[in-house]
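The values are calculated or read from the model by the stated rules, or taken from the named source; none is laboratory data. Note that the coordinates shown come from a computational prediction; the quantities given were computed from them, not determined experimentally. Here the Cβ positions follow ideal geometry from the backbone for every residue, glycine too, while neighbour counts run over all protein chains shown.
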Amino acid sequence: MKNISITDEIVAEHGLSTDEYKTLLSILDREPNLTELGIFSVMWSEHCSYKSSRKWLKTLPTEGPQVICGPGENAGVVDIGDGLAAVFKIESHNHPSFIEPFQGAGTGVGGIMRDIFTMGARPVANMNALRFGSPDHQKTRHLVSGVVAGIGGYGNCMGVPTVGGETNFDPAYNGNILVNAMTVGIAGADKIFYSAAAGIGNPVVYIGSKTGRDGIHGATMASAEFDDDSEEKRPTVQVGDPFTEKLLLEACLELMATDAIVAIQDMGAAGLTCSTVEMADKGGVGIELNLENVPIREEGMTPYEIMLSESQERMLMVLKPGREDVARAIFEKWELDFAIVGRVTDTGRFVLKLHDELVADIPVAPLVNESPLYDRPWIPTQKRGVLAATAVAAPNDPLDALHRLLGTANFCSRRWIWEQYDHMVMGDTNRGPGGDAAIVRIHGTSRALAITTDCTPRYCLAEPETGGKQAVAEAWRNLTAVGARPLALTNNLNFGNPQRESIMGQFVGCVSGIGDASRAFDFPVVSGNVSLYNETNGVGILPTPVIGGLGLVDDLDRTAGLAFPAAEQTIIVIGETTGWLGSSAYLAEIEKRDEGAPPPVDLALERRNGDFVRGCIHDGSVTACHDVSDGGLVVAIAEMAMAGNLGAAVAMPDDSVPLHAWLFGEDQARYVITTENPDKVLKEADKTGVSASVIGRTGGASLTVQSAYTISIDKLRTAHEAWLQGYMTMA
Amino acid sequence: MKSTVVVFPGSNCDRDAAVALERACGTPADMVWHRDTELPATDLIVLPGGFSYGDYLRGGAISARSPIMRDVVAKAAQGVPVLGICNGFQILTECGLLPGVLMRNSGLKFICRTLHVAVANTDSVFTRGYEANQVLQIPVAHNEGNYRAEETTLDRLEGENLVAFRYTTPDGAANDAGNPNGSARNIAGIFNETRSILGLMPHPERAADPYHGGMDGARMFDGLVAALTR
């Protein structure tokens, strides 16, 4: 193995540039062997090193009184009171899910859950954000089917409820689907586990599944574009075993209840390499591994394969001296492999031995700190002009347009998807899929966590900065709409090839918008993931910075759902309606036009309106609430009517806006609420300077607009429920 | 009432069952690891839902051979009531305490939804809290809930009133429209001959708390407590 000399070709195959290889040579002061080259290659991959994005991620706000641990560990940690903490993060598994959707999506879910319980938290909820190509594309049905089954197969078996998410279709994802999985866990606020190795001589322990040849170079695959031969990358996709992960979860939590663990790190991307190097680097120590002790699935695995395998359901721990037997007993009870594979050293070097033969020796600090950092050139996205509402033709019957919209791929019910997810296991799901945010009770209390995932890529494409702001605003609004106090967010930044200036411009713009919005809302970024190179044959995806929002519900009896609760209630819209149709869903889906600037996001207004709505939910004056987003006011009202199986009659409060713009415009900072006490709500709104207009009343079996147009709720529901079910069961 | 919940590797509704039992009777259930060989003194044995042994081989097939199952079978023979929910039902059929098998859902997909089941027989410790033919709203969450048995077995189950629950439409009709998984004769749950053992696919423990959005499952646990408290 050592005898293979490293050629330029081998270096290129490992995804390292000439300059990067020069840095490597100066760090080692000699030529690397193949194992060492492989280690540098994965550690310096885009996926592990964030070399194109780090400069910009540093600009995001990550602090606040609620933050216990921001970005940099396995997940973010926030204080949720009563001595508890929520641990959460979102992560992508885009590339593998396109190659092998069932395993790719499943191991994505498995990976993010491992990140959460590595920190000592029991996972209590999963969410996801999915993007697929055009429904007409030949692969889309197969990908939807496999991804949904994969997410369900893993989460259901783990016994962690999948409580919501979002799914959209656009031809821009034909060659690169997005599978972003988020997990939220709960831990004791003073029982968080970190990854910094410590204690010279302490044992380094390997637990979980055996190491096989699957997933070798997965991180490198996830750091490159696809081409026509991407199918050949199937062997780089990992294979999941959720049963083993369930055992690993229970065994880890059982061991964490003792005081045996010094540090713990899961093996995700770049497997044993990344976990060891991160533990050593964070602790400022060295680690020496004896590879003959690593449990392996197949005979004859080389050090290179062992170090780069991405086999799932594995963890690395540093134990306190003398606690090996306590730990071993727990892992044997759960029928998991347990092996002492190395020890912490004071050399600051990452040393690998196989039967006493030295197979790699790399200084840890420069491997991490001298990883490449690029200030990639970028150009700002060209601004679009504002599209006047009058420049968009009015439909003959706006409710016929609504009916068509609700029956499209992007607006139909996602029931076909979420019925394949166990969204109730653990017994704490109070509001599951289909609402603005899911609500999951904090076990044994009357408090809860609210969770949402959001992004509107259409806006991000049109105006990245506004799109970034809007994604955060919508997540914040969705948490607010159920009555939760938004606490913090995690983000999954999915973009194309950062070496193209226009793509890098989208990235810079979106990150800037996310930063502005999270600062304005005191809604810090505590964890996240970047997925670049979502591009095939030079065609990139829509910029898709997904926001995973977490909020706190202080009293489960003070929340709101979106279903109309009863007849004869007053419907009020909170926030100004100017009829903004630029970059709207109406324009895209009904008029098939992609133009105009997206709706501006006024962060101060968002905050004022949201705080007002949350207050009304808490004081009991709101009986239902829904945020107004994609599709505008009439889509929000229709969703409330379908959920409550109850109609409504609405009308414009004045004629300052054309009817179709009033119905379908996507002005931000708006909510639809129902109330039995409109006078009180209007008076309070007036006092706080919040725009609130009565637009109608609930009742009947139809939705009526301006007394001129009407459609039955049954008819809307039939269209809404039919599309996805029909599409997926088509031969 | 003293109850026992058996925990298999991969069980994941063990805590949910214990919470529902404790809510009904006020005392925590004993959680017993599958590798134990003897159950504690108990008035009720619960085999919970989940994916024991990852559903490898067949749902419930490996757990049915767990060491603790010998004592479960022995206690059942002595008349200790046994409740198998979802994967617990699969284990009961695999170990022979109940007839038939649970095959893959006819739609070939995992189904998680709150649906309607009618109480077919109220003459048991499990169902005495319900009205005859009462239509309940209880969630299901399974991949393999399609109950199948020989026609003669199905005839016997129906003839001897050993069907406990049937999937129905909201108005109580046991027809194809109300059947989520293709189960023979819309069977959602069955008893053994003495009605001391119940296996069912729906999850009563998921409709046992006001925040679940329904309490139809709580009545099973309340009925058990009323029947079994000494």
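Counted as qualifying within the stretch A:304-370 are no strands (runs of 3 or more DSSP E), as none has 2 or more residues that are surrounded by fewer than 16 Cβ atoms within 10 Å (Cβ to Cβ), within 14 Å of chain B (Cβ to nearest Cβ) and at pLDDT below 95. Considering each residue of the stretch A:569-584, count those that are touching a Lys or Arg at 6+ places or on another chain (Cβ under 8 Å) and part of a loop (DSSP other than H, G, I, E, B), and give that number. So the answer is 6.
When B:Leu98 is tested against (1) in contact with a Gly (Cβ under 6 Å, 6 or more places away or on another chain); (2) within 14 Å of another protein chain (Cβ to nearest Cβ); (3) crowded, with 17+ Cβ neighbours inside 10 Å, just one condition goes unmet, and that condition is (2).
Would a scan of the stretch B:205-219 turn up a residue that is crowded, with 17+ Cβ neighbours inside 10 Å, modelled with pLDDT under 95, under 21 Å from B:Asn87 (Cβ atoms) and within 14 Å of another protein chain (Cβ to nearest Cβ)? Yes, the stretch B:205-219 has at least one match.
Show the residue pairs meeting these rules: Cβ distance below 9 Å; 6+ apart or different chains; first residue within the stretch A:149-175 and more than 14 Å from chain B (Cβ to nearest Cβ) and touching a residue at least 12 places away in the same chain (Cβ under 8 Å); second residue in a helix (DSSP H, G or I) and of a type in the set (D, E, K, R). Note: pairs meeting the criteria are A:Asp170/A:Arg458. The residue that is farthest from the other protein chains (Cβ to nearest Cβ), counting only those in the stretch B:127-139 that are within 16 Å of the chain's Cα centre (by Cα) and within 14 Å of B:Tyr167 (Cα to Cα), is B:Leu136.
Just give me the residues in the stretch A:454-482 being over 20 Å from A:Val613 (Cα atoms) and among the hydroxyl-bearing types (Ser, Thr, Tyr), in sequence order. Correct list: A:Thr456, A:Tyr459, A:Thr466. Restricting attention to the stretch A:238-282, the residues that are touching a Lys or Arg at 6+ places or on another chain (Cβ under 6 Å) and small (Gly, Ala, Ser) total 1. The condition of being over 23 Å from A:Tyr154 (Cα atoms) and crowded, with 21+ Cβ neighbours inside 10 Å holds for only one of B:Ala77, B:Ala120, that being B:Ala120. A count restricted to the stretch A:126-148 and to residues that are away from chain B (no Cβ under 14 Å) and closer than 26 Å to A:Cys69 by Cβ stands at 3. Scanning the stretch A:236-271 for residues that are within 25 Å of A:Phe102 (Cβ to Cβ) and more than 14 Å from chain B (Cβ to nearest Cβ) gives A:Thr236, A:Val237, A:Gln238, A:Asp266, A:Met267, A:Gly268, A:Ala269, A:Ala270, A:Gly271.
Residue count for the stretch B:1-44 under the criterion of being crowded, with 24+ Cβ neighbours inside 10 Å, under 14 Å from the mean Cα position of the chain (by Cα) and closer than 15 Å to B:Asp71 by Cα: the result is 2. Taking the conditions exactly as written (buried (at least 21 other Cβ atoms within 10 Å of the Cβ), part of a strand (DSSP E or B) and touching an Asp or Glu at 6+ places or on another chain (Cβ under 7 Å)), does B:Ala141 satisfy them or not? Yes, satisfied. For the residues A:Thr390, A:Thr445, the requirement of being within 12 Å of chain B (Cβ to nearest Cβ), out of contact with any helix residue (DSSP H, G or I) (no Cβ under 8 Å at 6 or more places or on another chain), touching a residue at least 60 places away in the same chain (Cβ under 8 Å) and of a type in the set (Ser, Thr, Tyr) singles out A:Thr445. When the stretch B:106-126 is filtered for residues that are in contact (Cβ under 8 Å) with a residue 12 or more places away in the chain, in a loop (DSSP other than H, G, I, E, B) and within 14 Å of chain A (Cβ to nearest Cβ), the ones remaining, listed by number, are B:Ser106, B:Gly107, B:Lys109, B:Phe110.
May I ask you to verify whether B:Gly189 is in a loop (DSSP other than H, G, I, E, B) and closer than 30 Å to A:Trp416 by Cβ? Here the answer is no, as B:Gly189 does not meet what is asked. Quick check on the stretch B:6-24: of everything there that is part of a helix (DSSP H, G or I) and more than 13 Å from B:Arg206 (Cα to Cα), which residue is nearest to the other protein chains (Cβ to nearest Cβ)? Taking the candidates together, the pick is B:Glu22.
Residue-wise test of (1) in a loop (DSSP other than H, G, I, E, B); (2) aromatic (Phe, Trp, Tyr).
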| site | (1), (2) |
| --- | --- |
| A:Tyr586 | no, yes |
| A:Asp594 | yes, no |
| A:Glu606 | no, no |
| A:Asn609 | no, no |
| A:Val613 | no, no |
| A:Cys616 | no, no |
